[in-house]
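Here's the structure we're looking at; comments come further down.
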There are 2 protein chains.
Amino acid sequence: MNNVKKSIEPLRGFRELTPEEYKKKKFIIESISELFEKYGYGEVETPTVEPLSLIELKVGEEIRHRMFRFKDLGDRDVVLRPEGTISVARLVVNKMKNEPLPIRVSYVANMFRYDEPQKGRYREFTHIGFEHFGSRSVVSDIEVINIAIEALKKIGIESFKIKLGNEAILRKILSEANIEQKEQDLLLGMLDRGENEEFFEKLSRKGEEKILNVFRELMKTKENSVGESEQTLRKILAGFPAALEEYERVRIIENFLEWKANGKYYFDFGFARGLEYYTGIIFELYVPELSVAVGGGGRYDSLCKLLGRDLPAVGFALGVDRLMLSSQVKTAKQKSKKVGVIILEEDAETIKYTFQVVEQLKEVENLNLEIDTMGGSLGSKIERALKKNEEAIVIIGKKEQTEKRVSVKRLKDGVQKSFSYEELKEKILEFIEQ
Amino acid sequence: MNNVKKSIEPLRGFRELTPEEYKKKKFIIESISELFEKYGYGEVETPTVEPLSLIELKVGEEIRHRMFRFKDLGDRDVVLRPEGTISVARLVVNKMKNEPLPIRVSYVANMFRYDEPQKGRYREFTHIGFEHFGSRSVVSDIEVINIAIEALKKIGIESFKIKLGNEAILRKILSEANIEQKEQDLLLGMLDRGENEEFFEKLSRKGEEKILNVFRELMKTKENSVGESEQTLRKILAGFPAALEEYERVRIIENFLEWKANGKYYFDFGFARGLEYYTGIIFELYVPELSVAVGGGGRYDSLCKLLGRDLPAVGFALGVDRLMLSSQVKTAKQKSKKVGVIILEEDAETIKYTFQVVEQLKEVENLNLEIDTMGGSLGSKIERALKKNEEAIVIIGKKEQTEKRVSVKRLKDGVQKSFSYEELKEKILEFIEQ
């Protein structure tokens, strides 16, 4: 018995959601998925289990060690996907060769990371996201950020903060010191993990004092007000024309944000994200209820090339399970009315007649049907109907079956009325709402 | 390069679906999920990764050897769930103790089995299903079968066949020969796999000639017409009162099916299903386009007891990926019109103004927006808009931005009209549809 008792718990870090809990999750997914569709993003599906070699291409040190990794029955090294972008990029490269650019795709998928569970951090979690392939234009950067903001607003979140950075600027400065991409990935990974000391130590071994100073200055930018930020940045980046050019893009994004998210965004030019594939603008979204980000994204222009096609890209994903923890999320009201269906005598003919009545009732919009399957007295059936918050009950016995009629009892006032089988469909809603 | 090329393929038996392909899958899931809700089933979510010990409780020999099984980083024996019922039953036992009965829950979830891939058989596949807990009444059996049929009809499938059997009858006959449940599970597993010779050999070793004969007769029932079936069954089961009593339930179900699925169902009393937990009515659904079942279900009254609460149950699931292979599925027509948004000059102010226009346009119902992010000449932009089947394009340049106006070009006849920023939202649909 004890053995069974133990086995029934879900694994640590994994969750089970009841209908009441899942309702919120479903609302978030459906609302945001509808928004993505509105902006031309078509949903795709990719495998939950992927070759280790695919995911290792660009997932980054931080996640690499926390993957669900194993050998399948065919002795292949496989992983449960820890994120969605790499698989979606592979799908676009493989199967959407003839699509006119830009290619817009979205996904809702579960991800797996062997993290230490905490509030908002689970070992299985759902991402809803999208990717925009083919454009290098700053317009696509802004489209992505715009939809990210719209997504939060659509589910009721008005109080949020966007943190932005730019990995192109960081990489262009590192390139000046002849640091190659592989090493750039490692260094930016350190910044992401907040290992600033290690970062500066590694950089100082390169002996590039100028570069060191620039990074020290960039680290401070998050403390700047939006106004002083521009002057400071132009000063810091003065000796790096390639980085300055990238900064012009940032200014266009900032001009958009001043209108769209006034007071709700800040730039931190010392900020990097854990995934290795970012090459331009990056951003994360925060809500006051949670210390971890509820979503993030950015530009990754070199990932697709690794997979066989040179396509620039920018994308974004939200953590649905984290959004569920925000008290700002307002789920839509239930429009449907619940009606119980009660069978008085459970013989073959009365049961068949009941399902014929159900076939009529299922055509009525905004009416949900709960057929009573528990037996017992009419009194106990009515009691159950009240517990389940049904608005009315449809009562069918031998008498109703032979006469081809149906009795309906309104539960708020107990009024009962008899309808013919034919008129029921037309008249039930009106009677219930009286 | 060759190495990369190899790693980009999905694993054998796993699929990636483009927006065009996924549209059909999403239509099936949304339609059936809506139906489940109509009948009072609330959606739940359970983990993809489960303790081996949970799944092994009752999954059956057939599936046990084909699971994705591994040790996680905490050295636990875990599996990717091969089916949904066991986890859902655990959730109901664990977390829905205070819910009035019956408890109705539904799920949409991916399952994993290391099968040899073939048409309609993948290593990862989506089940949409529901479970009905707490009722022993034949009304709940019929409710489940009724919804199964409704689900097929809702997505356009009118040509289908239901195969029914009853494991209670089989188990009650085996019990007469003092065969215990564990051994019953093994014997019924043989029937499921079509290992009839092994089944009879094992049974004959028990020396129960009477039982052997009954099973030989039951095997032939699927060839009977519906009319003769009743007499034959009553004769076969004459010496087994417990089995005969169960047959009375079957008669009630058959009376319902004669009306609901006339000519589309048959009983095969020698039929058993691979999952070990079934204890009563079982059924499978077939469509002519596919040799494997597109769905199935049945009654399992002893599973919940193993998990800590004695709850009878009956449930059902459909294989979404198999349904996708049916040519009968009719997806709903796209209502939305696609409109392109074209930016002539990509400076900060024009871009910002464009997104202000987008903020207006996103309020228009049934309008999907595709912002052009590819740059180039107006001619190439219009060409792309035509390729993407957009019905109109919204054109914004420096001029429009300074004058707070917007130009809209209808693509079917090339007519272009200028709107003020304020009037656009009200008038665009009318102009496009002219």
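The values are calculated or read from the model by the stated rules, or taken from the named source; none is laboratory data. On a predicted model such as this, the values are computed, not experimentally measured, just so you know. Cβ atoms come from the backbone with ideal geometry, glycine included; neighbour counts cover every protein chain shown.
Residue-wise test of (1) touching a residue at least 40 places away in the same chain (Cβ under 8 Å); (2) touching a strand residue (DSSP E or B) at 6+ places or on another chain (Cβ under 8 Å); (3) within 29 Å of A:Ile157 (Cβ to Cβ); (4) part of a loop (DSSP other than H, G, I, E, B).
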residue	(1), (2), (3), (4)
A:Phe199	no, no, no, no
A:Phe215	yes, no, no, no
A:Leu233	no, no, no, no
A:Leu244	no, no, no, no
A:Val250	yes, yes, yes, no
A:Ile253	yes, yes, yes, no
A:Phe271	yes, yes, yes, yes
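Only a single item in (1) surrounded by fewer than 17 Cβ atoms within 10 Å (Cβ to Cβ); (2) more than 20 Å from B:Phe283 (Cβ to Cβ); (3) not hydrophobic (A, V, I, L, M, F, W, C) is not met by B:Glu208, and it is number (1). Being β-branched (Val, Ile, Thr), under 18 Å from the mean Cα position of the chain (by Cα) and in the same structural domain as A:Leu311 (by TED's automatic domain parsing) holds for only one residue in A:Ile103, A:Ile128, and it is A:Ile128.
Restricting to the stretch B:273-305, name every residue that is outside any loop (DSSP other than H, G, I, E, B) and away from chain A (no Cβ under 14 Å).
Taking the stretch B:273-305 and keeping what is outside any loop (DSSP other than H, G, I, E, B), we get B:281-286, B:295-299, B:303-305.
Listed by number, the residues that qualify are B:Ile282, B:Phe283, B:Glu284, B:Leu285, B:Tyr286, B:Gly295, B:Gly296, B:Gly297, B:Gly298.
Do you know which of the residues in the stretch A:113-128 that are out of contact with any Ser or Thr (no Cβ under 7 Å at 6 or more places or on another chain) and at the interface with chain B (Cβ under 9 Å from one of its Cβ atoms) is surrounded by the fewest Cβ atoms within 10 Å (Cβ to Cβ)? Checking each candidate, the answer is A:Tyr114. Taking the criterion of being under 19 Å from B:Lys95 (Cα atoms) and either free of Cβ contacts under 8 Å to residues at least 60 places away in the same chain or of a type in the set (Ser, Thr, Tyr) (or both), the residues of the stretch B:285-332 that qualify are B:Ser302, B:Lys305, B:Asp310.
What's the number of the only condition in (1) surrounded by fewer than 19 Cβ atoms within 10 Å (Cβ to Cβ); (2) over 22 Å from B:Val320 (Cα atoms); (3) touching a strand residue (DSSP E or B) at 6+ places or on another chain (Cβ under 9 Å) that B:Glu21 fails to meet? Among (1) surrounded by fewer than 19 Cβ atoms within 10 Å (Cβ to Cβ); (2) over 22 Å from B:Val320 (Cα atoms); (3) touching a strand residue (DSSP E or B) at 6+ places or on another chain (Cβ under 9 Å), B:Glu21 violates only (2).
Checked against (1) touching a Lys or Arg at 6+ places or on another chain (Cβ under 7 Å); (2) modelled with pLDDT of 95 or more; (3) within 27 Å of A:Glu20 (Cβ to Cβ), B:Ile55 passes all but condition (2).
Contact map, the stretch B:362-382: residues that are of a type in the set (Lys, Arg) paired with residues that are not in a helix (DSSP H, G or I), Cβ distance under 7 Å, separation 6+ or inter-chain. Pairs shown: B:Lys362/B:Leu369; B:Lys381/B:Ile342; B:Lys381/B:Asp372. Those helices (runs of 4 or more DSSP H) of the stretch B:1-112 in which at least 3 residues are facing another protein chain (nearest Cβ under 9 Å), considering only elements entirely within it, cover B:2-7, B:19-38, B:52-56, B:85-95.
Could you check, for the stretch A:174-194, whether at least one of its residues is out of contact with any Lys or Arg (no Cβ under 8 Å at 6 or more places or on another chain), over 20 Å from A:Ile282 (Cβ atoms) and of a type in the set (Lys, Arg)? No, that holds for no residue. The condition of being buried (at least 24 other Cβ atoms within 10 Å of the Cβ), of a type in the set (A, V, I, L, M, F, W, C) and in contact (Cβ under 8 Å) with a residue 40 or more places away in the chain does not hold for A:Ala109. Screening the candidates B:Arg171, B:Arg136 for the property of being farther than 21 Å from A:Gln356 by Cβ, surrounded by fewer than 21 Cβ atoms within 10 Å (Cβ to Cβ) and in the same structural domain as B:Lys235 (by TED's automatic domain parsing) yields one hit, B:Arg136.
Tally time: how many residues in the stretch B:294-312 are within 15 Å of the chain's Cα centre (by Cα) and more than 13 Å from B:Glu131 (Cβ to Cβ)?
Qualifying residue count, the stretch B:294-312: 3.
Evaluation of B:Gly298 against the conditions (1) surrounded by fewer than 23 Cβ atoms within 10 Å (Cβ to Cβ); (2) on the phi > 0 side of the Ramachandran plot shows that the sole unmet condition is (1).
Going by the structure shown, is B:Asn146 more than 18 Å from B:Glu258 (Cα to Cα) and in contact with a Lys or Arg (Cβ under 9 Å, 6 or more places away or on another chain)? Let's see the steps before the verdict.
Working: more than 18 Å from B:Glu258 (Cα to Cα): no; in contact with a Lys or Arg (Cβ under 9 Å, 6 or more places away or on another chain): yes.
No: the conditions fail for B:Asn146.
In the set (1) touching a Lys or Arg at 6+ places or on another chain (Cβ under 7 Å); (2) within 7 Å of another protein chain (Cβ to nearest Cβ), the condition left unmet by A:Leu367 is number (2). Out of A:Lys409, A:Lys427, A:Lys417, which single residue is modelled with pLDDT of 95 or more, assigned to a helix (DSSP H, G or I) and either within 42 Å of the chain's Cα centre (by Cα) or more than 14 Å from chain B (Cβ to nearest Cβ) (or both)? The conditions single out A:Lys427. Determine whether B:Lys153 is more than 14 Å from every other protein chain (Cβ to nearest Cβ) and either crowded, with 24+ Cβ neighbours inside 10 Å or out of contact with any Lys or Arg (no Cβ under 9 Å at 6 or more places or on another chain) (or both). It is false that B:Lys153 is more than 14 Å from every other protein chain (Cβ to nearest Cβ) and either crowded, with 24+ Cβ neighbours inside 10 Å or out of contact with any Lys or Arg (no Cβ under 9 Å at 6 or more places or on another chain) (or both).
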